[in-house]
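Asker: Can you keep this structure in mind? I'll have questions shortly.
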Amino acid sequence: MNNRIQQILGQIAALENELHAVIEQQEGRLRYQIEGKYVTFEHAIKEAHLKVKMGVFRWLTTVRPQNFLTMPIIYGMIVPLVLFDLVVTLYQAICFPIYRIAKASRANYIVMDHQHLAYLNIIEKVHCMYCSYAVGLLGYAQEITARTEQYFCPIKHARKILNENSRYKHFLEYGDADNLHQRVEEFRAALADEDANKAADQP
């Protein structure tokens, strides 16, 4: 990886840190606190949220007909999603220790916190939690796949791909065959180091 690419990646990391700082400021403006798995709002904010909450009956009258028609299909996807979750988690639990790859934490991807929003009725909360699970699960699976790809084949594609995983930008350039196997071993060692660092951080 040349110096210019490393410089750009450093700038991206700096922007990500700046983004996190801005998000923290936003949390303060909206006056909520995260305490473990719970999110709490100031009393005045929660009262304001309750005032704009739409009751279930009124909400049902606003739902588009096509939403009702497709709802069985959408919620029917919970079966393959749960099976996919089980298979991916089982794969990671069995194979990652063998490969010496640090495990991805489901809690970092599958986040359930919309149920704490007082301005959502019970149906809206269920919808939001379902979406949070599905999107989070796919992110969790993508990270497991990305770590697997880093172990077996950390090589970029010739063409630009959309929504690349978080590790892809560090992979070997397409067509760069110099010291391939040595550098693949370095990628594998980095995964093992992540596992060691994770263990060192635990009390």
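The values are calculated or read from the model by the stated rules, or taken from the named source; none is laboratory data. Because the structure is a prediction, the values reported are computed rather than measured. No Cβ is skipped: glycine too gets one built from the backbone with ideal geometry, and neighbour counts run over all protein chains shown.
Asker: Is it fair to say Ile155 is touching a strand residue (DSSP E or B) at 6+ places or on another chain (Cβ under 7 Å) and surrounded by 12 or more Cβ atoms within 10 Å (Cβ to Cβ)?
Answerer: Answer is yes for this residue.
Asker: Sticking with this one: Can you name the residue in the stretch 30-55 that is loosely packed, with under 12 Cβ neighbours inside 10 Å and closer than 18 Å to His127 by Cβ and is also modelled with the highest pLDDT among such residues?
Answerer: The qualifying residue modelled with the highest pLDDT is Gly55.
Asker: Follow-up. Among (1) within 22 Å of the chain's Cα centre (by Cα); (2) surrounded by fewer than 16 Cβ atoms within 10 Å (Cβ to Cβ); (3) modelled with pLDDT of 85 or more, there is one condition Asp201 misses while meeting the rest; what is its number?
Answerer: Against the list (1) within 22 Å of the chain's Cα centre (by Cα); (2) surrounded by fewer than 16 Cβ atoms within 10 Å (Cβ to Cβ); (3) modelled with pLDDT of 85 or more, Asp201 comes up short only on (3).
Asker: Does Ala107 fit the bill of being part of a helix (DSSP H, G or I), among the small types (Gly, Ala, Ser) and under 30 Å from His49 (Cβ atoms)?
Answerer: The answer is yes for Ala107.
Asker: If I filter the stretch 74-112 down to residues being of a type in the set (Val, Ile, Thr) and within 27 Å of Glu194 (Cβ to Cβ), which single residue comes out as surrounded by the fewest Cβ atoms within 10 Å (Cβ to Cβ)?
Answerer: Step by step, filter the stretch 74-112, then rank; the result is Ile98.
Asker: Looking at (1) within 30 Å of Glu185 (Cβ to Cβ); (2) surrounded by 11 or more Cβ atoms within 10 Å (Cβ to Cβ), which is the only condition Met71 fails?
Answerer: Unmet condition: (1).
Asker: Can I ask one more? Restricting to the stretch 148-194, count the residues that are under 17 Å from Tyr99 (Cα atoms) and in contact (Cβ under 8 Å) with a residue 60 or more places away in the chain.
Answerer: Final tally of qualifying residues: 4.
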